[in-house]
1. Give the residues of the range 153-172 that are outside any loop (DSSP other than H, G, I, E, B) and of a type in the set (Ser, Thr, Tyr), sorted by residue number.
2. If SER227 passes every condition in (1) closer than 25 Å to GLN102 by Cα; (2) hydroxyl-bearing (Ser, Thr, Tyr); (3) out of contact with any His (no Cβ under 8 Å at 6 or more places or on another chain); (4) surrounded by 13 or more Cβ atoms within 10 Å (Cβ to Cβ) but one, which one does it miss?
3. Exactly one condition in (1) more than 30 Å from ASP212 (Cα to Cα); (2) within 32 Å of the chain's Cα centre (by Cα); (3) basic (Lys, Arg) is false for ARG145; which is it?
4. Might you check whether a residue that is out of contact with any Cys (no Cβ under 6 Å at 6 or more places or on another chain), closer than 15 Å to MET166 by Cα and not in a loop (DSSP other than H, G, I, E, B) occurs anywhere in the range 99-112?
5. Of ALA87, ALA16, ALA50, ALA60, which residue is closer than 22 Å to ASP217 by Cα, aliphatic (A, V, I, L, M) and either surrounded by fewer than 13 Cβ atoms within 10 Å (Cβ to Cβ) or at pLDDT below 95 (or both)?
6. Please verify whether ALA171 is over 30 Å from PHE95 (Cα atoms) and in contact with a Ser or Thr (Cβ under 6 Å, 6 or more places away or on another chain), treating the condition exactly as stated.
7. Within the range 90-121, track down each residue that is of a type in the set (Ser, Thr, Tyr) and surrounded by 14 or more Cβ atoms within 10 Å (Cβ to Cβ).
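The values are calculated or read from the model by the stated rules, or taken from the named source; none is laboratory data. The model shown is predicted, which means the values in this text are computed figures rather than measured ones. In this analysis, Cβ positions are derived from the backbone assuming ideal geometry, glycine residues included, and neighbour counts consider all displayed protein chains.
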Amino acid sequence: MDGFQFIDIILLAMVAGFIVLRLRSVLGRRTGHEPGRDGVPSEGRAQDLANDKVVALPTAHRRHQPITKLDIEPAYQGTPLEAGMVAVKMADPSFSAESFLQGAAKAFEIIIAAYAKGDTDTLRPLLNSDVYAQFARAIQEREDRNETLISELVVLKPPRIESIEMKGSAAHVAVIFQSEQSNVVKNAAGEIVEGSPDHVESVTDVWTFSRDTNSPDPNWILIATRSVD
């Protein structure tokens, strides 16, 4: 009997040892939920590390973010034009005063030449309806009198911005043009009825250009003109 009890004890010890080894093998494995050194579960730590890798991307409203002085050309910083420049740049970040003025100078030359020739086809896409109507009316009246305008742009000084602002989604820029011009009007017989080919006059004009910043069309149109005596 004692022999059988001894065998039973050995068998129970072996079973207990097997169970301990199984428990140890299971408890010794990391599940991802045990605390780390700072007490945060490793699963949470992995999430935190993943969050650290996330970079907040700029939103689609970047064009509406405030424009810094670095975005404004130095010539306009600290001047009365700066606020208008900022407003236009916020609506159209690609706007450049230098490039705009270069285009305005070319437009001035084209419009002056087209007006003298009576070329309404060239004028039409460059002017809004009101300004075009004024130019077309003057051209028609000249043709009705059988008169011819000979205009020469002798000198065009670098144009300057007089004012710049946003009106709704439209950018408005008034530009000062100072030029030296020779303008002669001849009648049907070729006789000079106004001006002199030897006389060059100084002319100062202020032209206002506009563009809808919501439109994909990059072209500016002339919306108003006035002369400065």
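1. Let us first name the residues in the range 153-172 that are outside any loop (DSSP other than H, G, I, E, B), namely 153-156, 160-167, 170-172.
SER163 - this is the single residue of the range 153-172 that is outside any loop (DSSP other than H, G, I, E, B) and of a type in the set (Ser, Thr, Tyr).
2. (4)
3. Condition not satisfied by ARG145: (2).
4. Keep residues of the range 99-112 that are out of contact with any Cys (no Cβ under 6 Å at 6 or more places or on another chain), which gives 99-112.
If we keep only those that are closer than 15 Å to MET166 by Cα as well, we get none.
Among the residues of the range 99-112, not one is out of contact with any Cys (no Cβ under 6 Å at 6 or more places or on another chain), closer than 15 Å to MET166 by Cα and not in a loop (DSSP other than H, G, I, E, B), which makes the answer no.
5. On the way: ALA87 fails: either surrounded by fewer than 13 Cβ atoms within 10 Å (Cβ to Cβ) or at pLDDT below 95 (or both); ALA16 fails: closer than 22 Å to ASP217 by Cα; ALA50 fails: closer than 22 Å to ASP217 by Cα.
Residue meeting the stated conditions: ALA60.
6. Working: over 30 Å from PHE95 (Cα atoms): no; in contact with a Ser or Thr (Cβ under 6 Å, 6 or more places away or on another chain): yes.
When the stated conditions are applied, ALA171 does not pass them.
7. First, the residues of the range 90-121 that are of a type in the set (Ser, Thr, Tyr): 94, 96, 99, 115, 120.
TYR115, THR120, listed by residue number.
Matching residues to (1) of a type in the set (Ser, Thr, Tyr); (2) surrounded by 14 or more Cβ atoms within 10 Å (Cβ to Cβ); (3) out of contact with any His (no Cβ under 7 Å at 6 or more places or on another chain); (4) more than 18 Å from ALA97 (Cβ to Cβ):
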{"site": "GLU165", "(1), (2), (3), (4)": "no, yes, no, no"}
{"site": "ASN183", "(1), (2), (3), (4)": "no, yes, yes, yes"}
{"site": "GLY190", "(1), (2), (3), (4)": "no, no, yes, yes"}
{"site": "SER196", "(1), (2), (3), (4)": "yes, no, yes, yes"}
{"site": "SER202", "(1), (2), (3), (4)": "yes, no, yes, yes"}
